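Accompanying notes for the structure given below.
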Amino acid sequence: MPAEKNGRDGGVQSLQRAFELLEHLADTGGEASLSELATLSGLPMPTIHRLIRTLVDLGYVRQNTNRRYALGARLIRLGENASMQFGAWARPLLAELVEEVGETANLAVLERDEVVYVAQVPSKHSMRMFTEVGRRLLPHGTGVGKAMLAHLPLDDVRELLSRTGMPAYTEHTFTDPDALAVELSRIASQGYALDEAEQELGVRCVAVAVPGAPVPAAVSVSGPSGRLTAEAVAHIAPAVQRVADALGASLSQAAVTV
C-alpha cells in the first residue's frame, strides 16, 4: 500500500480524511469502533488511529468507556454558530416571504435528533406566531420537522423516533410511528407539510424542506388557524416552496464558488 503523501498535498488529504471521519461518526447515529470506521472509510487502520487520536486531543471526538468513539462536545459550539450564520443568511429571503404572505416565516434545521429554529421574521399582525430562535423541539410534532423527515430514509426516521419517543404536544400530535410514516409519504408527494395544531393549539403551519442543504433544513410559515385557512394555504404553500428552492439554490451556488 502506498505511503501517505507528505507536504502540503498530504496535509490537505489528511484534513479531508479527518472531516470524512467526523461525517462517518455522524452517520452512525452515535458511536463507532476503529474497525467500523476503517470499513466505512476504506482507510488503513494506522491512518484511522492517527486521525482519531488527533481529533480526540482537539476535543472534536471523544472515546467512551467502551473504547468506542463518538462526536465530541467541541463540535457543539461550531454547529450552533454555523446554524445561526445559516439563519442570518436566510433572513432576507424570509423577509420577502413575510412580505408576500403576511404571516411569520421561520427557518429550522435538524440537529442531534431535534428541530432547532435558527431564524424568524415575524408578521406585522398584532396577533402573530413567535418561536424563539434557538428553541428545540422534537421533529414529529412540528411542520418543519415533518417536512425534513419526509426526505429521510424511513429506516432512519424510525431509528430517530425510537431514540426520541413521540410525546404529544397537543391531542393532534402524531404519536404512532406507522401513522406518521403514512403522513410523511403524503408530504413527500405533495411537496409540503402541514402542522394542524400539532405543536400548539390554534396554530397552523406550512413547511417545505430546503433542497440540497448540507443538513436537513426547512422553511415554514405559521399563523393562527383562523387566518391560515385552506384557501390561504393554497396560496402560501407555493410561496414557501419558492423560498425553500431559492435558499437551496443559494447554498448550491456558494458550494460551487468555494
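The values are calculated or read from the model by the stated rules, or taken from the named source; none is laboratory data. Keep in mind that what you see is a predicted model, and the values were worked out from it rather than measured. Ideal geometry is used to build each Cβ from the backbone, glycine not excepted, and the neighbour counts take in all protein chains shown. Surface areas here come from the heavy atoms of the whole protein model, side chains and all, with no ligands, DNA or RNA. Shrake-Rupley method; radii C 1.70, N 1.55, O 1.52, S 1.80 Å.
Structural remarks
- For q = 0.24, 0.33 Å⁻¹, Debye-computed log10 I/I(0) when each Cα of segment 189-235 counts as one equal scatterer: -0.86, -1.22
- Summarising the label geometry, the points placed 7 Å from Cα in the beta-carbon direction at Val12 and Val233 lie 5.0 nm from one another.
- Per-residue SASA remark: Val182, around 100 Å² accessible (1.4 Å probe; ligands, DNA and RNA not included).
- Largest to smallest principal axis extent of the C-alpha atoms in segment 149-199, angstrom: 25, 24, 13
- Residue with peak Gaussian network fluctuation, the chain [Cα springs, cutoff 10 Å], from Met45, Met166, Met148: Met45
- Full-stretch length increase - Ala179, His49 - with 0.36 nm per residue and alpha-carbon distance subtracted: 42.4 nm
- Stretchable slack from Lys124 to Asp57, in nm (0.36 nm times residue separation minus alpha-carbon distance): 19.2 nm
- Under the Karplus curve 6.51 cos²θ - 1.76 cosθ + 1.60, θ = phi - 60°, whole-Hz ³J(HN,Hα) for segment 177-189, x wherever Gly or Pro sits: x, 5, 5, 5, 4, 5, 4, 5, 5, 5, 4, 4, 6
- Close amide-amide hydrogen proximity is noted between Val203 and Ala197, Ser225, each under 5 Å apart and 5 or more residues distant or on a separate chain (H modeled in the peptide plane; Pro and chain starts excluded).
- Rounded percent of accessible protein surface that carbon and sulfur make up, the chain, 1.4 Å probe: 55
- Taking Lys and Arg as +1 and Asp and Glu as -1, the other residues whose beta-carbon sits under 14 Å from that of Leu40 total -3.
- Under 5 Å between amide hydrogens, built in the peptide plane, is the criterion, and for Tyr169 it picks out nothing among residues at least 5 positions away or on other chains.
- Dipole magnitude for the chain: about 880 debye, using +1 per Lys or Arg Cβ and -1 per Asp or Glu Cβ, origin at the Cα centre.
- For the chain, the fraction of alpha-carbon pairs in successive 5 Å shells from zero, as %: 1, 6, 12, 16, 16, 14, 12, 9, 7, 4, 3, 1, 0, 0
- Within a Gaussian network of the chain (alpha carbon springs, distance under 10 Å), most fluctuating of Asp156, Asp113, Asp245: Asp156
- Working note: Karplus 6.51/-1.76/1.60 with θ = phi - 60° gives segment 92-105 the couplings x, 5, 5, 4, 4, 5, 4, 4, 6, 9, x, 10, 5, 10 Hz, where Gly and Pro are set to x.
- With 0.36 nm allotted per residue and the present C-alpha distance subtracted, the Asp27-Asp245 stretch has 76.0 nm of extension available.
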